[in-house]
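To start, the structure itself, in structure tokens.
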Amino acid sequence: MPKTSVSAGAADTWSDAIQVVGSFNLSISGTFSATVTVQRSEDGTTWRDVDTFTAPSEEVGYDPILNYYRVGIDTGDYTSGTAVASINGYDVWPNRM
């Protein structure tokens, strides 16, 4: 089961990228004034925003296609505190060809 997490207390702070296909969960905790962003990428280098959160949250997602995911605080989206965020994937398929 792939897992990535970050303890973000500054802007431009990201978790490592993981490959996910199928169901996954997102957990955001901590005391912070920031926007936490989940990003998705087909190739692990070109990132697109999927969703944003400004408070602690527990979410479940599903991606039918193998993609990379990461979570963090983007440039300009941090004010104070520390956001602890993690993505846990349930299924992993072989690498893209």
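Every number here is computed from the coordinates shown, using simple stated rules; none is lab data. It should be emphasised that the depicted structure is a prediction, and the values quoted were computed from it without experimental measurement. We place every Cβ from the backbone using ideal geometry, glycine too, and count neighbours over all the protein chains shown.
Here are the numbers:
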{"item": "Scope the range 20-68; condition free of Cβ contacts under 8 Å to residues at least 40 places away in the same chain, assigned to a strand (DSSP E or B) and among the hydroxyl-bearing types (Ser, Thr, Tyr); matching residues", "result": "41, 52, 57"}
{"item": "Subset tally (residues that are farther than 11 Å from residue 69 by Cα, touching a Pro at 6+ places or on another chain (Cβ under 8 Å) and of a type outside the set (S, T, N, Q)) for the range 1-53", "result": "3"}
